[in-house]
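Colleague: Take a look at this one; I'll ask things after.
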Amino acid sequence: MRKKLLALLFFAAAHFLCVSEAFEFVDRDIGEILYAVSLYKGFPVTADDTVSGSGTFRLAGEDFDEAFDAFMESSRLYVAKTDERWTVSRIRFMDSDLGLMSLDARDVTAARMFEEVARRTGVCVTFENLPQNRMSVHTGYCGIDELVRRVAGLCPGFEAKRTDSGFFHVSRSEGAEALAVRNGRAEFVQNEDGSWNCDIQNAPVSFAFCCGGKIFQRGGQGVLLFPFERQQDSAGQLFGS
């Protein structure tokens, strides 16, 4: 109820100021701005679950649609327009005449991108626990296999494989087995004598101990840790023998 009341007040202010060919919403919730816009346009203007936060929308002049497009761009959002409705998202798909597709995403998790790929294409995409940091990508026009591979490439240490059943599964890559964290990574390399080295970069000490546990799982019998002084910026090497 409160949200509707605020939106109605915003709309009333916008309608009043629009008479003089100018109105503005400053640092307002994006959902409330879109609701006011829907009242002004006379059809639904909605957002999906990728959209959150606040924004500033100003109009000076008569071209409302151009001002709204500028608002979308400054807020790192996309809008899909039809005669019946506008839909706002941080993810955009585009199709080419050659049957290729392009994925654009701004500040979205990889898991959310894969969910949208599956919904848009009808191809099943499964994945393990992926990094939760928000990322942006412009894949360019490509086929579904390459598109999934490019999104998986945003996650260090993960790769996408197509199964015999035709669906995709995104999991940690084999071989070097890179582990990623929000601000760093760790790579395991086996020495000729059978011991393991783990090179940790820009990761906290707690993550280093997790890497040590990984070496134990591999059959290692000892772990040595050489961190820097500050835990927040620690880096070092782990050795298992």
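Colleague: What does the charge count near Ala80 come to, summing +1 for each Lys or Arg and -1 for each Asp or Glu among other residues with Cβ under 13 Å from its Cβ?
Modeller: -2
Colleague: Moving on. At 10 °C and a viscosity of 1.306 mPa s, what translational diffusion coefficient does Stokes-Einstein give for the range 21-117, taking Rh as the Kirkwood radius over Cα pairs? Give it in µm²/s as a whole number.
Modeller: In µm²/s, the coefficient is 110.
Colleague: Once phi is turned into ³J(HN,Hα) by the Karplus curve 6.51 cos²θ - 1.76 cosθ + 1.60 with θ = phi - 60°, what whole-Hz value does each residue of the range 102-118 show in order, with x for glycine and proline?
Modeller: 10, 10, 10, 9, 10, 6, 10, 6, 4, 4, 5, 4, 5, 4, 6, 4, 5
Colleague: When the solvent-accessible surface of protein heavy atoms is calculated with a 1.4 angstrom probe, in what order do Thr82, Thr126 fall, highest first?
Modeller: Reading off the accessible areas and sorting them downward yields Thr82, Thr126.
Colleague: Also, quick follow-up: Quick one: pull the percent of accessible area on the range 24-159 belonging to carbon and sulfur, 1.4 Å probe, ligands and nucleic acids left out.
Modeller: Taking all protein chains in place, the range 24-159 shows 46 percent carbon and sulfur surface.
Colleague: From the protein chains alone at 1.4 Å, what is the descending order of accessible area for Arg134, Arg112, largest first?
Modeller: Arg134, Arg112
Colleague: To continue, here is another question. For the range 28-155, what does the accessible surface come to per residue with a 1.4 Å probe? Please give it in Å².
Modeller: Numbers: 6400 Å² over 128 residues.
The answer is 50 Å² per residue.
The values are calculated or read from the model by the stated rules, or taken from the named source; none is laboratory data. As the structure is a prediction and not an experimental result, all values here were calculated from the model. Quick reminder, even Gly has a Cβ in these numbers, built from the backbone with ideal geometry, and neighbours come from all protein chains shown. Calculation scope for accessible area: heavy atoms of the full protein, side chains included, ligands and nucleic acids excluded. Shrake-Rupley method; radii C 1.70, N 1.55, O 1.52, S 1.80 Å.
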